[in-house]
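Below is one structure, written out as structure tokens; the observations come after it.
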Amino acid sequence: MAPPAARPVPRAIDAPAPAPLPIELEALRGHVPAEALAWAHRRAKAVGVGGDEALICAGRISPAAACDHLAAHLGLTTDPLLVPPQGPLALAPAILRLRTLQESDGDGPPRYSFAARGHTARRLARALSRDPDLAARARLVTPEHLHAYLARHAGAALGAAAAFGLKQRHPHLSAAGLTPSLRLWLLAAMVAAGLVAALVVLPAATVLILQALLSAIFLSHAALRIGACFIAPTQEGPLGLTDAQLPIYTIIVPLYREARVLPRLVAALRRLDYPPEKLDIKLVIEPDDRPMHGRLARMRLPPWFEVVVAPAIGPRTKPKALNAALPFARGSYIAVYDAEDVPAPDQLRCALAAFRGAGPAVACVQARLWVENAGDSWISRHFAAEYAGQFDVLLPALASLGLPILLGGTSNHFRRDVLEAVGAWDPYNVTEDADLGVRLARAGWGTAVIASSTEEEAPISLAAWMGQRTRWLKGWAQTILVHARAPRALVAQLGWLQVVALGLLTVGPFASALLHPLCLLVLAVDVARGVFLTPAGNALGVAVLALSFTNLGAGYLAAALACGLGLKRRGRLNLAAVLVSVPVYWLLMSMAAWLALVQLVTRPHWWQKTEHGLGRRRPLTDSASVPPQPRPAAASC
């Protein structure tokens with residue numbers, strides 16, 4: 001009997017092959033749960049980044065671990081960078097931009113250190129497939145390691161470029177040369193002597209001529225502010241970009257002795273409605289600011305934050321700190337904030353919408369500023385009214401008219417390529433914002449103003465206000481002197497209309513602050529003598545008296561209208577009563593202007609620090625208003 005036929009052994013059904021992933025995620029198979037990889041793949045496509053960047057920002061893997069796994073997958077080493085870089089240290093910004101360090105071994109082919117992540121990792125993988133020999137001459141490092149390496153070995157060169165770059169490339173545009181000199185003193189003495197001689201020989205005529213010239217400036221400035229009240233601010237249109245189309249945005253925040261407000265700042269920046277994978281936030285600190293170093297070391301900053309230490313080279317100023325961080329920036333757009341700022345969550349998107357709507361001729365966008373602690377003191381209420389008139393009335397009108405804008409010191413957004421082309425910030429100008437606004441205009445670039453606001457903290461004491469205002473007025477004087485060095489070039493670049501507008505925006509407020517006490521003194525003397533509003537004995541006297549009172553009246557009217565309208569647009573008309581005391585506030589402004597003149601001669605580049613964290617601020621909204629951070633569910637590493 002034949003044996004029974006052998007029963008066929010059933011074959012196991014092969015498991016389906018895993019779906020292919022981008023190289024930066026393929027390198028993580030077996031190291032990161034499959035569901036986390038799938039989430040990262042979806043997130044990366046939605047946001048337009050690499051999958052490893054999505055996982056790092058979600059806190060699912062460290063930058064070092066992602067680098068190690070990618071290097072093993074590509075057959076590269078991860079040896080740390082220890083030997084100082086070869087070649088000129090001036091190439092450090094290019095190395096940072098390309099994320100590639102080239103080293104030469106004598107006559108052999110060069111070796112490369114790549115700080116590849118995300119889409120850059122994909123390009124590196126393609127390069128290795130085209131040139132298999134490259135793997136033997138390459139290593140992989142994290143971008144963080146490359147930054148630390150260059151900060152350590154090229155810090156002096158980067159610091160010198162930050163401090164002296166504009167001064168060396170464009171000395172006529174830097175305030176570094178505004179130091180007291182014999183020629184300046186001789187010029188001032190000649191002008192003073194001529195004025196005294198004229199007053200002795202023709203006193204009445206000289207006074208009238210001076211009054212007429214100054215009145216032309218004061219009244220034109222008042223007319224500009226009043227006219228701004230009748231220009232409706234424009235609104236930026238919709239952004240029209242998906243998250244995948246958004247550019248990388250760098251935010252630079254200079255910090256010095258700001259440990260008190262640091263947690264609030266980090267919370268405010270985390271509220272920004274922007275994909276964290278495309279945020280690049282630089283916190284710039286000074287090397288000897290031990291409290292800040294300690295506070296930052298104890299904080300767990302998100303992966304899209306980076307601490308940059310500004311080298312102790314050149315002046316210790318905010319603009320030098322900004323310049324020190326710029327080479328480390330990844331973004332094609334740059335924003336600047338101050339330590340106490342709370343920008344509206346939508347501000348980056350609103351700025352991009354303004355850039356797209358205005359076209360390539362606009363290189364800067366200024367967000368509006370508002371004082372959050374307006375009710376703290378009489379000084380803070382005046383500060384809030386002043387900001388309302390400036391940022392909600394005057395600046396939007398200037399932008400609509402295409403006139404130069406003296407930027408506010410914060411919430412400026414720039415096209416990075418243009419910012420670098422005009423020399424970035426002047427470390428020797430103590431109002432680097434105003435100066436940069438003028439340099440942008442001189443180079444033919446426009447500035448837009450958006451409705452999105454940043455909440456700031458106003459000084460609450462007279463001493464703090466006086467120090468800050470003295471620095472501002474000194475900086476405006478620096479800006480006037482720098483850009484008036486070559487009047488013909490200024491007119492050729494801006495045109496007469498913009499030069500006149502620039503003069504009204506700079507010379508007008510500064511001169512009025514200096515001379516306001518004199519006008520009030522004339523008024524007080526007339527009242528004391530009992531001749532107030534009494535007709536003068538001659539035509540010259542009538543003209544002088546009329547111009548004096550007209551200047552006072554027009555100045556107060558312009559301030560009341562602009563500030564009152566700004567408060568109305570802010571919904572804060574309850575603060576308008578403080579405008580009754582504008583004459584007293586202007587007297588304090590005059591004191592600050594005269595102090596600024598003294599400092600311009602004695603300490604031209606000294607940066608007077610304003611303390612923050614002293615005012616009453618509302619608590620930030622809870623996480624319900626924060627854009628959700630990417631985090632794959634039930635995944636761990």
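The values are calculated or read from the model by the stated rules, or taken from the named source; none is laboratory data. Since this is a predicted model, take the numbers as computed values, not measurements. Note: ideal-geometry Cβ built from the backbone for every residue, glycine included; neighbour counts use all protein chains shown. Just the protein is used for accessible areas: all its heavy atoms, side chains included, with ligands, DNA and RNA removed. Shrake-Rupley method; radii C 1.70, N 1.55, O 1.52, S 1.80 Å.
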**Asked** Would a scan of the stretch 511-529 turn up a residue that is open to solvent by 70 Å² or more (accessible area, probe 1.4 Å), modelled with pLDDT under 75, farther than 30 Å from L407 by Cβ and charged (D, E, K, R)?
**Response** yes
**the stretch 256-265 - residue that is open to solvent by 10 Å² or more (accessible area, probe 1.4 Å) and not in a loop (DSSP other than H, G, I, E, B) and, of those, nearest to P63 (Cα to Cα)** = P263
**Request:** Kindly establish whether A484 is modelled with pLDDT under 90, farther than 14 Å from V438 by Cβ, surrounded by fewer than 19 Cβ atoms within 10 Å (Cβ to Cβ) and among the aliphatic types (A, V, I, L, M).
**Result:** no
**Asked** Taking the stated definitions as given, is V342 under 16 Å from the mean Cα position of the chain (by Cα), β-branched (V, I, T) and over 27 Å from A64 (Cβ atoms)?
**Response** yes
**Request:** Could you tell me which residue of the stretch 544-597 is most open to solvent (accessible area, probe 1.4 Å), considering only residues that are among the charged types (D, E, K, R) and assigned to a helix (DSSP H, G or I)?
**Result:** K568
**Request:** Kindly indicate the residue of the stretch 226-255 that is in contact with a strand residue (DSSP E or B) (Cβ under 8 Å, 6 or more places away or on another chain), assigned to a loop (DSSP other than H, G, I, E, B) and open to solvent by less than 60 Å² (accessible area, probe 1.4 Å) and also modelled with the lowest pLDDT among those meeting that condition.
**Result:** E236
**Message:** L440 - would you say it is buried (at least 21 other Cβ atoms within 10 Å of the Cβ), at pLDDT below 95 and not acidic (D, E)?
**Reply:** no
**Request:** Go through the stretch 135-173 and count every residue that is aliphatic (A, V, I, L, M) and open to solvent by 20 Å² or more (accessible area, probe 1.4 Å).
**Result:** 9
**Any pair with Cβ under 8 angstrom, 6 or more apart, that starts in the stretch 267-283 at a residue that is more than 18 Å from I56 (Cβ to Cβ) and without any contact (Cβ under 8 Å) to a residue 12 or more places away in the chain and ends at one that is surrounded by fewer than 23 Cβ atoms within 10 Å (Cβ to Cβ) and basic (K, R)** = none
**Request:** Mind telling me which of the residues R295, R316 ends up being open to solvent by 10 Å² or more (accessible area, probe 1.4 Å), at pLDDT below 95 and either over 24 Å from N429 (Cα atoms) or of a type outside the set (D, E, K, R) (or both)?
**Result:** R295
**Request:** Those residues that are closer than 14 Å to L597 by Cα and in contact (Cβ under 8 Å) with a residue 60 or more places away in the chain, I need them from the stretch 473-508; list them, please.
**Result:** L473, K474, W476, A477, Q478, T479, L481, V507
**Request:** Might you let me know whether the stretch 92-99 holds any residue that is farther than 14 Å from E144 by Cα, of a type in the set (D, E, K, R) and either in contact with a Pro (Cβ under 7 Å, 6 or more places away or on another chain) or open to solvent by less than 80 Å² (accessible area, probe 1.4 Å) (or both)?
**Result:** no
**Complete:** Per the filter on the stretch 115-144, residues within 23 Å of D105 (Cα to Cα), touching a Pro at 6+ places or on another chain (Cβ under 7 Å) and in a helix (DSSP H, G or I) are R137
**One residue from P345, P396 being surrounded by fewer than 21 Cβ atoms within 10 Å (Cβ to Cβ) and closer than 27 Å to D273 by Cβ** = P345
**Request:** Select, from E35, E24, the only residue that is of a type outside the set (A, V, I, L, M, F, W, C), in a helix (DSSP H, G or I), at pLDDT below 95 and open to solvent by 80 Å² or more (accessible area, probe 1.4 Å).
**Result:** E35
**Item:** Residues of the stretch 350-380 that turn out to be surrounded by fewer than 23 Cβ atoms within 10 Å (Cβ to Cβ), touching a Ser or Thr at 6+ places or on another chain (Cβ under 9 Å) and over 25 Å from T234 (Cβ atoms), as a count
**Value:** 4
**Asked** Taking the condition at pLDDT 90 or above, under 42 Å from the mean Cα position of the chain (by Cα) and under 30 Å from A441 (Cβ atoms), does L557 pass?
**Response** yes
**Prompt:** Any chance the stretch 448-465 includes a residue that's open to solvent by 50 Å² or more (accessible area, probe 1.4 Å), over 23 Å from S215 (Cα atoms) and in contact with a His (Cβ under 9 Å, 6 or more places away or on another chain)?
**Reply:** no
**Item:** Tabulated pairs, the stretch 418-429, first charged (D, E, K, R), second open to solvent by less than 10 Å² (accessible area, probe 1.4 Å) and assigned to a loop (DSSP other than H, G, I, E, B), C-beta under 8 angstrom, 6+ apart or interchain
**Value:** D426/S174
